[in-house]
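Peer 1: Below you will find the structure I want to go over with you.
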Amino acid sequence: MFKESNNFKKFESKVWLSSPTMHGPEIEYVKEAYETNWMSTVGKNINEVERLACEYIGCKHAVALSAGTASLHLSMKLAGIEAYGMPKVGHGALEGKKVFCSDMTFDATVNPIVYEGGEPVFIDTEYDTWNMDPVALEKAFKIYPDTKVVVIAHLYGTPGKIDELNAIIKKHGAILVEDAAESMGATYKGVQTGTFGKYNTISFNGNKIITGSSGGCFLTNDEEAANKVRKWSTQARENAAWYQHEELGYNYRMSNVVAGVVRGQFPYLDEHIAQKKAIYERYKEGLKDLPVSMNPMDLEISEPNYWLSCLIINEDAMCKQVRGEQDVCYVKEAGKTCPTEILEAIASINAEGRPIWKPMHMQPIYRLNPFIVRDGNGRARSNAYIAGGVADVGMDIFARGLCLPSDNKMTAEQQDRIIEVIRACFE
Ligand SMILES: *Cc1c(COP(=O)(O)O)cnc(C)c1O
């Protein structure tokens with residue numbers, strides 16, 4: 001275990017990984033909702049959130065929903081119906097169908113495939129941006145040529161290789177669903193993420209770059225799709241005097257109270273991105289002579305939103321570390337460390353880091369799903385820890401990487417202390 005012998009002073013109040021940052025206008029819009037009694041899923045705040053999302057991201061239609069996950073669910077439903085037709089009972093639009101998806105992501109990218117009865121096929125990660133590997137995707141289409149839907153996330157706010165991925169998806173006549181929950185405000189070749197898919201998602205979850213405490217938006221240029229999502233998300237009521245239903249509905253609409261918070265946050269999105277960028281650069285500078293690198297990005301092509309700063313330890317600076325399903329053990333060696341030791345060190349001064357999102361193909365719930373890597377026979381299992389290395393890119397980044405405290409309220413002095421604590425792990 002990490003010894004608290006370095007005597008670094010603890011922070012009095014915790015430095016979080018990424019916590020909400022409020023500015024003032026949020027409460028005014030919430031108060032306005034309260035005072036005018038628009039305390040439901042209708043109101044000016046919701047309309048404004050949709051207008052602001054379209055304006056900022058540059059899309060034609062936005063539908064404000066209770067969560068990014070709700071948007072991903074309805075995106076899956078739309079994509080399934082488009083590819084395979086309307087399901088008989090109104091749900092299970094992807095019943096029995098394979099869907100290609102990012103492997104190193106939060107499970108909210110993937111679960112909605114299963115809500116609609118589909119089977120996630122995980123595509124391995126590349127080292128350049130830590131997102132879906134186009135080579136592995138191309139291979140997946142060779143193995144499962146009938147697949148018609150692909151879901152792509154931009155991990156930690158860094159856009160993936162969109163042009164390469166899109167070319168493959170187009171070539172195979174598949175539909176791209178984009179999960180820009182973590183990358184809101186990031187651009188690829190000057191264009192916002194959340195515009196590349198036919199159906200796209202942003203999130204206002206409490207730890208995202210701007211927040212409503214919860215909430216999300218469905219984004220599209222397809223008016224018919226936007227109308228469908230608006231209707232489905234409000235219990236699929238038909239235009240009648242009574243409750244009339246022809247389709248399966250959901251209670252997925254954003255609250256006008258939550259929308260007040262989102263509305264108040266929008267003007268601060270650019271400020272948050274600038275703060276996150278400064279945090280990333282301070283880490284990069286402070287850790288530059290250690291055997292580590294920061295989460296990678298190609299600044300010639302894309303401008304990330306720097307949502308989370310991460311580092312990855314060079315292979316030859318890794319001490320022995322073994323992770324079970326719930327526990328972890330490591331053996332300290334001089335000059336070497338591992339993510340667990342660094343996370344314990346960070347926690348010992350009252351700051352919050354986190355392991356890299358554990359790849360989906362390593363998750364017990366998805367252990368039987370296909371997983372496609374660029375080399376070999378296209379299948380690698382999470383227990384295939386090969387002597388002298390790991391079986392796939394996602395597993396490797398998970399083994400050697402970690403997310404650093406990236407809260408935009410963290411001061412430069414606090415961050416310097418975190419950097420010192422990390423440096424001590426390499427002694
Ligand atoms: C946060 C997140 C979501 C889900 O957003 P919610 O608004 O919390 O439902 C989806 N995908 C990724 C990659 C996320 O990080």
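The values are calculated or read from the model by the stated rules, or taken from the named source; none is laboratory data. Owing to the predicted nature of the structure, the values given are computational and were not obtained by experimental measurement. We place every Cβ from the backbone using ideal geometry, glycine too, and count neighbours over all the protein chains shown.
Peer 1: Exactly one of (1) touching a helix residue (DSSP H, G or I) at 6+ places or on another chain (Cβ under 9 Å); (2) within 27 Å of residue 259 (Cβ to Cβ); (3) not in a loop (DSSP other than H, G, I, E, B) is unmet by residue 156. Its number?
Peer 2: (1)
Peer 1: Show the residue pairs meeting these rules: Cβ distance below 6 Å; 6+ apart or different chains; first residue within segment 412-427 and surrounded by 20 or more Cβ atoms within 10 Å (Cβ to Cβ); second residue of a type in the set (Lys, Arg).
Peer 2: Once the first residue is surrounded by 20 or more Cβ atoms within 10 Å (Cβ to Cβ) and sits in segment 412-427, its partners that are of a type in the set (Lys, Arg) give 415/282.
Peer 1: Of the residues that make up segment 272-285, is at least one over 23 Å from residue 342 (Cβ atoms), surrounded by fewer than 17 Cβ atoms within 10 Å (Cβ to Cβ) and touching an Asp or Glu at 6+ places or on another chain (Cβ under 7 Å)?
Peer 2: Going through segment 272-285, the residues over 23 Å from residue 342 (Cβ atoms) turn out to be 272-274.
Narrowing further to those that are surrounded by fewer than 17 Cβ atoms within 10 Å (Cβ to Cβ): 274.
Restricting the remaining residues to those that are touching an Asp or Glu at 6+ places or on another chain (Cβ under 7 Å) gives none.
For segment 272-285, residues over 23 Å from residue 342 (Cβ atoms), surrounded by fewer than 17 Cβ atoms within 10 Å (Cβ to Cβ) and touching an Asp or Glu at 6+ places or on another chain (Cβ under 7 Å): absent.
Peer 1: Could you grab me the full set of residues in segment 49-84 that are assigned to a helix (DSSP H, G or I) and within 13 Å of the ligand (Cβ to nearest atom)?
Peer 2: Residues of segment 49-84 assigned to a helix (DSSP H, G or I): 49-57, 68-84.
Correct list: 68, 69, 70, 71, 72, 73, 74, 75, 76.
Peer 1: Quick test for you: out of 31, 14, pick the one residue that is assigned by TED's automatic domain parsing to the domain that holds residue 408 and of a type outside the set (A, V, I, L, M, F, W, C).
Peer 2: Numbers: 31 fails: assigned by TED's automatic domain parsing to the domain that holds residue 408.
Of the residues listed, the single one that is assigned by TED's automatic domain parsing to the domain that holds residue 408 and of a type outside the set (A, V, I, L, M, F, W, C) is 14.
Peer 1: Quick one: is residue 234 touching a helix residue (DSSP H, G or I) at 6+ places or on another chain (Cβ under 9 Å) and on the phi < 0 side of the Ramachandran plot?
Peer 2: So residue 234 does not fit the description; no.
Peer 1: Say whether the condition of being in contact with an Asp or Glu (Cβ under 9 Å, 6 or more places away or on another chain), under 26 Å from residue 186 (Cβ atoms) and surrounded by fewer than 24 Cβ atoms within 10 Å (Cβ to Cβ) is met by at least one residue in segment 104-111.
Peer 2: Among the residues of segment 104-111, at least one is in contact with an Asp or Glu (Cβ under 9 Å, 6 or more places away or on another chain), under 26 Å from residue 186 (Cβ atoms) and surrounded by fewer than 24 Cβ atoms within 10 Å (Cβ to Cβ), which makes the answer yes.
Peer 1: Would you check if residue 208 is among the basic types (Lys, Arg) and either surrounded by fewer than 19 Cβ atoms within 10 Å (Cβ to Cβ) or not assigned by TED's automatic domain parsing to the domain that holds residue 62 (or both)?
Peer 2: no
Peer 1: Collect the residues in segment 177-204 that are surrounded by fewer than 21 Cβ atoms within 10 Å (Cβ to Cβ) and either closer than 28 Å to residue 97 by Cβ or in contact with a Phe, Trp or Tyr (Cβ under 7 Å, 6 or more places away or on another chain) (or both), keeping them in residue-number order.
Peer 2: 195, 198
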